[in-house]
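The values are calculated or read from the model by the stated rules, or taken from the named source; none is laboratory data. Note that the coordinates shown come from a computational prediction; the quantities given were computed from them, not determined experimentally. When we count neighbours, we look across all protein chains shown, and the Cβ atoms used for this are built from the backbone with ideal geometry, even at glycine.
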Amino acid sequence: MSKIDSSRNVIFLVIVAALGYFVDIYDLVLFSIVRIESFKDLGIADDQMRVMGEYVINMQMGGLLIGGILWGIMGDKLGRIKVLFGSILMYSLANIANGLVNDIDTYAFVRLIAGIGLAGELGAGITLVSESMSKENRGYGTMIVAGVGLFGAVLANQIHEMYDWRTAYFVGGGLGMVLLFLRVGTFESGMFNEVAHKKVEKGNVMLILGKPKNLFKYLNCIFIGAPLWFVVGILVTQSPEIGKALGATEPLSAGKGIMYTYIGIAIGDIFAGLLAQATKSRKKTMFVFHILSILAILVYLSSKGMDSTRFLWLCLFLGISVGYWATFVTIASEQFGTNIRATVTTTVPNFVRGALIPITFLFEFFVEKFNIITAAYILTILLSTLALFSLSQLRESFGKDLDYIEQ
């Protein structure tokens, strides 16, 4: 294959991976956007909206945990491309089914299935891009994937404003099916093809769990990303309730808040990618953004009497401050060998998403003991401290050669 053909294949791969993540994010945040409307349609009482919302989103996040493990192992054993096809088909069908539900338990179960499907998209895509680009430039590739993909949240909110919640789910399923046809032209990772013919253990989780050094490194990769989903899954998703506690002058829209937050995350991801390339350090970049996110959260939680305009600007600021998603996933991808890279790169971001489950339970504990604002402050301190400590324990991975295996 000529260099020109190879370059075209890599560009096509990055574009398709970006579009895949676009659909992934659309489906991932759609429930948070349509929560109140869909619950009212299903007859959920106003005083149960927040608790039932946590129930459904925790089922979705539980699916991401399960799917992260399944798809990650399959990605190392069977190849990255097979995972992409299987995951897209599953979450597309699940989203179509979501548009047909008529009770809360079915709603939650279908979100569980959708979560399992959604778990495979990002990890497989980032693994493919990381293994197909040069070590000096792969940060640009993952930056583009995240920067484009995160605008899926914008489309989700726009569709919700134009149509009802059931149609929004149908659109998500339809986008996934279109993406399935685009994936036909993608190619398998050369590094995976080389390892596929070697007699080495592939996708063996014991290479992570059975080795204390690898397990510690793996957990640190998860903890550095945990604050992001606290911001999206609690601070913005529960903004109507947080707004009431802060004495907001008008009801706050979680849907618009999520849209602006994800616009901010996309902008932040681009800046984080460029900063990492300029400093040749992903660790320094993550440190800067963690400090920025603490500042953004403190401003948000102290904004008493805010109106909807101020709220949306704060969401944009919050999003920019946690716009390290691509950098964080790239760090995880660069920490381990080719024979377990898909397992790590798929499970780590999904464990971060799934971490919203224990974070939510802990949040509820502090809400009952104190109040919703104090609980948010406590979780901010706990998660930020843990993230900064974990970041200090990881080695710099910028420019690292990824063509090796774990023994």
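Out of Leu252, Leu246, Leu207, which single residue is closer than 26 Å to Gly68 by Cα, touching a helix residue (DSSP H, G or I) at 6+ places or on another chain (Cβ under 8 Å) and of a type in the set (A, V, I, L, M)?
On inspection, the qualifying residue turns out to be Leu207.
Would a scan of the range 234-253 turn up a residue that is in contact (Cβ under 8 Å) with a residue 40 or more places away in the chain and charged (D, E, K, R)?
Looking through the range 234-253, at least one residue is in contact (Cβ under 8 Å) with a residue 40 or more places away in the chain and charged (D, E, K, R).
Go through the range 156-169 residue by residue and tally those that are surrounded by 19 or more Cβ atoms within 10 Å (Cβ to Cβ) and over 16 Å from Gly257 (Cβ atoms).
Going through the range 156-169 one residue at a time, the tally reaches 4.
Could you check the range 122-218 for helices (runs of 4 or more DSSP H) lying wholly inside it with 2 or more residues that are modelled with pLDDT under 70?
190-196
Between a residue in the range 369-380 that is over 17 Å from Thr237 (Cβ atoms) and any residue that is among the β-branched types (Val, Ile, Thr) and not in a loop (DSSP other than H, G, I, E, B), which pairs come within a Cβ distance under 9 Å, given they are 6 or more apart or on different chains?
Close Cβ pairs (under 9 Å, with a partner that is among the β-branched types (Val, Ile, Thr) and not in a loop (DSSP other than H, G, I, E, B)) amount to Phe370/Ile378; Thr374/Val367; Tyr377/Ile297.
What single numbered condition from (1) crowded, with 23+ Cβ neighbours inside 10 Å; (2) over 24 Å from Ala18 (Cβ atoms); (3) small (Gly, Ala, Ser) fails to hold for Gly63?
(2)
Which condition does Phe151 not pass, out of (1) buried (at least 24 other Cβ atoms within 10 Å of the Cβ); (2) hydrophobic (A, V, I, L, M, F, W, C); (3) within 17 Å of Tyr21 (Cβ to Cβ), if it passes all the others?
The single condition Phe151 does not satisfy is (1).
Among the residues of the range 224-235, is any in a helix (DSSP H, G or I) and surrounded by fewer than 19 Cβ atoms within 10 Å (Cβ to Cβ)?
no
In the range 254-295, how many residues are without any contact (Cβ under 8 Å) to a residue 24 or more places away in the chain and closer than 13 Å to Tyr324 by Cβ?
Summing the residues that are without any contact (Cβ under 8 Å) to a residue 24 or more places away in the chain and closer than 13 Å to Tyr324 by Cβ in the range 254-295 gives 4.
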